[in-house]
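Asks: Pasting in a structure now, in structure tokens, and then I'll have a few things to ask.
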Amino acid sequence: MKKPYLSLSAAVLACAVLTIATPSFADSVGTVSQAVNFFQNAKATGGQPFTVDAKGPVAINDDVELPGFAFQVYDVDFTTDSVTLKLIAQLEKLQVTLYDDTTFDRYYFAFDQEITSASLSDETDENFGATVELVAPGTTVKSSGSFVDGLPTEFTMDNGGILITIGEGTDLTKIIANGGSLTVNF
């Protein structure tokens, strides 16, 4: 019985195909280079976005990477292909719990590499009025001020990132009662 064999060129081609078809660890997101929150409301900020919180860089690991982010409103947990914002706020400490058409909470997340797709997960609590979009590499975002002295108001996202906007129709009272969260897959 004749044993099958691969020629050297066939073996090289097979290895090349496997290398291209198999994602490498280097292609996984490993660091959140920037996490930035802007809040905007007609009464609280005069309709202008203000910086609430900014953190980074932070390595993605098995722990919650940003506990109590945005004035103790969310625990933000990352994996190499998703981000989850778990509402932890004490409602009596929030200025706004039902978002109208003037209220926006914007979360910008930049990573150690470019993200090419992002979408809300079906695990997201239905009481979030939320959208997600990609931010192009090199984009600079600015706020009109900050809630805390010394917080930056301008951020450049070298590799781009994602923007999660929580807006009109969001009901934080119902979300907290559900133990709800918002997840974006990327």
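Asks: Kindly indicate which of Leu182, Leu134, Leu172, Leu163 is modelled with pLDDT of 95 or more, farther than 27 Å from Pro57 by Cα and among the hydrophobic types (A, V, I, L, M, F, W, C).
Replies: So the residue among Leu182, Leu134, Leu172, Leu163 that is modelled with pLDDT of 95 or more, farther than 27 Å from Pro57 by Cα and among the hydrophobic types (A, V, I, L, M, F, W, C) is Leu172.
Asks: Something else now. From (1) of a type outside the set (Lys, Arg); (2) modelled with pLDDT of 95 or more; (3) closer than 21 Å to Ala177 by Cα, pick out the condition that doesn't hold for Gly145.
Replies: Here Gly145 clears every test but (3).
Asks: Since Asp125 meets every condition but one in (1) buried (at least 17 other Cβ atoms within 10 Å of the Cβ); (2) part of a strand (DSSP E or B); (3) over 15 Å from the mean Cα position of the chain (by Cα), which condition does it not meet?
Replies: So the condition that Asp125 fails would be (2).
Asks: For the range 165-178, check the following and say yes or no: at least one residue is in contact (Cβ under 8 Å) with a residue 40 or more places away in the chain, among the aliphatic types (A, V, I, L, M), farther than 20 Å from Thr51 by Cβ and surrounded by fewer than 19 Cβ atoms within 10 Å (Cβ to Cβ).
Replies: Yes, there is a match, as at least one residue in the range 165-178 is in contact (Cβ under 8 Å) with a residue 40 or more places away in the chain, among the aliphatic types (A, V, I, L, M), farther than 20 Å from Thr51 by Cβ and surrounded by fewer than 19 Cβ atoms within 10 Å (Cβ to Cβ).
Asks: Identify all residues within the range 88-112 that are part of a loop (DSSP other than H, G, I, E, B), buried (at least 18 other Cβ atoms within 10 Å of the Cβ) and not β-branched (Val, Ile, Thr); write none if there are none.
Replies: Of everything in the range 88-112, just one residue is part of a loop (DSSP other than H, G, I, E, B), buried (at least 18 other Cβ atoms within 10 Å of the Cβ) and not β-branched (Val, Ile, Thr), namely Tyr99.
Asks: Please specify each residue of the range 58-75 satisfying the condition of being farther than 15 Å from Ile176 by Cα, outside any loop (DSSP other than H, G, I, E, B) and not small (Gly, Ala, Ser). Can you show your working first?
Replies: Residues of the range 58-75 that are farther than 15 Å from Ile176 by Cα, as a first pass: 58-67, 69-71.
Keeping just the survivors that are outside any loop (DSSP other than H, G, I, E, B) gives 58-59, 66-67, 69-71.
Once the filter is applied, which keeps residues that are farther than 15 Å from Ile176 by Cα, outside any loop (DSSP other than H, G, I, E, B) and not small (Gly, Ala, Ser), the range 58-75 yields Val58, Leu66, Pro67, Phe69, Phe71.
Asks: Just checking, does the range 103-119 include any residue being in contact with a Leu (Cβ under 7 Å, 6 or more places away or on another chain) and over 18 Å from Val58 (Cβ atoms)?
Replies: Scanning the range 103-119 turns up at least one residue that is in contact with a Leu (Cβ under 7 Å, 6 or more places away or on another chain) and over 18 Å from Val58 (Cβ atoms).
Asks: Name the single residue that is surrounded by the fewest Cβ atoms within 10 Å (Cβ to Cβ) among those in the range 47-65 being farther than 13 Å from Val148 by Cβ and free of Cβ contacts under 8 Å to residues at least 24 places away in the same chain.
Replies: Asp62
Asks: With respect to Thr84, determine if the residue is modelled with pLDDT of 95 or more, out of contact with any Pro (no Cβ under 8 Å at 6 or more places or on another chain), part of a strand (DSSP E or B) and under 26 Å from Thr139 (Cα atoms).
Replies: On the way: modelled with pLDDT of 95 or more: yes; out of contact with any Pro (no Cβ under 8 Å at 6 or more places or on another chain): yes; part of a strand (DSSP E or B): yes; under 26 Å from Thr139 (Cα atoms): yes.
The answer is yes for Thr84.
Asks: Determine the pairs where a residue that is closer than 16 Å to Asp100 by Cα, located within the range 114-135, has a partner that is part of a loop (DSSP other than H, G, I, E, B) and among the polar types (S, T, N, Q) with Cβ atoms under 9 Å apart, the partner being 6 or more residues away or on another chain.
Replies: Asn127/Thr170; Phe128/Thr170; Gly129/Thr170; Ala130/Thr124; Ala130/Thr170
The values are calculated or read from the model by the stated rules, or taken from the named source; none is laboratory data. Note that the structure is a prediction, hence the values are computed from the model and not measured. Using ideal geometry, Cβ is built from the backbone for each residue, glycine included, and neighbour counts are taken over all protein chains shown.
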